[in-house]
1. Quick test for you: out of ILE337, ILE277, ILE393, ILE315, pick the one residue that is out of contact with any Ser or Thr (no Cβ under 9 Å at 6 or more places or on another chain), modelled with pLDDT of 95 or more and either crowded, with 18+ Cβ neighbours inside 10 Å or farther than 30 Å from PHE202 by Cβ (or both).
2. Sort out which residues of the range 211-230 are under 17 Å from PHE147 (Cβ atoms) and either surrounded by fewer than 21 Cβ atoms within 10 Å (Cβ to Cβ) or within 10 Å of the ligand (Cβ to nearest atom) (or both), and write them in order of number.
3. Condition first: crowded, with 19+ Cβ neighbours inside 10 Å, of a type in the set (Gly, Ala, Ser) and out of contact with any strand residue (DSSP E or B) (no Cβ under 9 Å at 6 or more places or on another chain). Now tell me which residues in the range 35-64 satisfy that.
4. Would you be able to say whether some residue in the range 162-185 is in contact with a strand residue (DSSP E or B) (Cβ under 6 Å, 6 or more places away or on another chain), under 17 Å from ILE56 (Cβ atoms) and part of a helix (DSSP H, G or I)?
5. Under the condition of being closer than 17 Å to ILE356 by Cβ and either aromatic (Phe, Trp, Tyr) or surrounded by fewer than 18 Cβ atoms within 10 Å (Cβ to Cβ) (or both), which residue from the range 6-34 is farthest from the ligand (Cβ to nearest atom)?
6. Enumerate the pairs (first residue in the range 142-163 and on the phi > 0 side of the Ramachandran plot; second residue anywhere and in a helix (DSSP H, G or I) and of a type in the set (Lys, Arg)) with beta-carbon separation below 9 Å, excluding pairs fewer than 6 apart on the same chain, so at least 6 apart or on different chains.
7. Residues that are in contact with an Asp or Glu (Cβ under 6 Å, 6 or more places away or on another chain) and either more than 16 Å from the ligand (Cβ to nearest atom) or modelled with pLDDT under 95 (or both): does the range 301-310 have at least one?
8. Can you pull out the residues in the range 91-122 that are within 16 Å of the ligand (Cβ to nearest atom) and aromatic (Phe, Trp, Tyr)?
Amino acid sequence: MIYADNAATTRMSDAAIHKMLSLMKDNYGNPSSLYGLGQEAKEILEKAREDVAGIIGARPREILFTSGGSEADNQAILSAADLGRKKGKMHIISSAFEHHAVLHTLERLKSEGFEITLLDVHENGIILPEQVEDAIRDDTCLVTIMFANNEIGTIQPIRKIGAVCRQKGVIFHTDAVQAVGHVPINVEDDNIDMLSASAHKFHGPKGVGFLYARKGIRLKNLIEGGAQERGKRAGTENVPGIAAMAVALKEANAGMEEYTSHLTAMRDKIIAELKEIPHSALNGDEVCRLPGNVNFCFEGIEGESLLLLLDDKGIQASSGSACTSGSLDPSHVLLAIGRVHDVAHGSLRLSLGEDITEDDVDYIIRSVKDVVEYLRNFSPVWRDLMQGKGKFIL
Ligand SMILES: *Cc1c(COP(=O)(O)O)cnc(C)c1O
């Protein structure tokens with residue numbers, strides 16, 4: 001089996017599993033307890049906070065542990081909105097191709113009276129700093145733009161967007177769930193005020209993540225209860241999960257250079273080969289993209305059929321984000337970069353894991369080419385196009 005859906009979730013690393021199991025067995029203490037076992041758990045928790053903070057250039061006090069990326073996005077956006085509301089600033093800027101954890105939170109704020117500007121995404125899947133600059137108003141309280149897109153993998157000019165926000169005095173949040181552990185990030189150098197991350201996207205456990213919030217940005221209490229996480233998030237901390245996340249992030253960070261060159265080579269080989277399929281197109285910029293991300297549209301086929309046939313061949317991939325498959329609507333990301341409905345339905349995302357081999361890549365290329373040709377032979381849409389009824393879009 002070749003697992004090529006690492007943007008949906010990743011396999012936990014052996015070291016992260018080991019850390020988690022050993023803590024579950026040997027240290028089940030509650031970090032709020034005063035006796036030894038509890039205090040040991042507290043130390044493990046704070047060590048994980050230091051490790052995570054250190055890797056992104058933050059201070060430990062600026063890290064809030066959460067249940068994952070979605071919670072971190074909600075927490076960041078709702079907190080910045082609260083601060084804005086208090087100053088009569090009720091305008092928020094984001095983009096049309098954000099994750100639903102961001103878009104749906106913004107919809108909620110819209111119903112509460114906020115005005116939301118969703119920037120158009122350029123057809124190469126990039127938001128320009130000038131677009132952000134032009135959209136900022138006196139009443140803008142937050143700019144939230146994702147670091148790397150989860151479907152098409154494009155990496156945004158975050159440092160420049162951050163600089164624009166800083167110059168205008170607007171809080172800048174980035175959903176960096178796809179980027180943390182995959183590309184270098186430093187919240188100081190990159191001018192980031194708030195950043196969301198999730199462990200299961202970098203070989204850590206599911207249900208754990210963190211929010212970085214620059215000192216001075218007051219967070220909301222999303223969950224009322226005890227005084228954990230400095231009163232911002234009640235509930236006994238998930239110590240094994242948090243410690244395993246820190247282990248996974250340290251590993252990802254240490255291996256980043258090596259993996260990046262390997263993954264980029266594998267990615268570019270697949271892209272070059274799949275481009276040869278007639279009436280196909282790469283989605284998103286060819287260079288400014290995550291090392292392991294390949295996303296194509298093939299005219300005249302259904303993404304779902306493509307996935308099922310690839311699954312039969314032992315290749316696990318995706319068509320649009322996991323959250324949108326299962327619905328009939330094509331991916332909002334592909335529509336945002338200007339793909340029409342019919343074309344967006346025929347999309348394939350391969351998100352490669354670090355352990356992918358050259359043989360795997362050759363097998364993927366051969367399989368995708370075979371399956372696309374096979375499906376087109378049965379497609380009435382394709383037959384019409386070939387007979388000159390209707391026009392090719394790609
Ligand atoms: C996966 C993902 C999320 C959600 O993270 P969870 O930990 O699954 O809640 C948010 N944003 C992006 C870009 C993602 O890829």
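1. Checking each option against the conditions leaves just ILE277.
2. Within the range 211-230, ARG214 is the sole residue that qualifies.
3. ALA41
4. The answer is yes; a qualifying residue exists.
5. ARG11
6. GLY153/ARG267
7. The initial filter retains those residues of the range 301-310 that are in contact with an Asp or Glu (Cβ under 6 Å, 6 or more places away or on another chain), namely none.
The answer is no, given that none of the residues of the range 301-310 is in contact with an Asp or Glu (Cβ under 6 Å, 6 or more places away or on another chain) and either more than 16 Å from the ligand (Cβ to nearest atom) or modelled with pLDDT under 95 (or both).
8. Scanning the range 91-122 gives a single hit, PHE97.
The values are calculated or read from the model by the stated rules, or taken from the named source; none is laboratory data. Since the model is a prediction, treat every value here as computed from it, not as a measurement. As a convention, Cβ positions derive from the backbone with ideal geometry for all residues, glycine included, and neighbour counts pool all protein chains shown.
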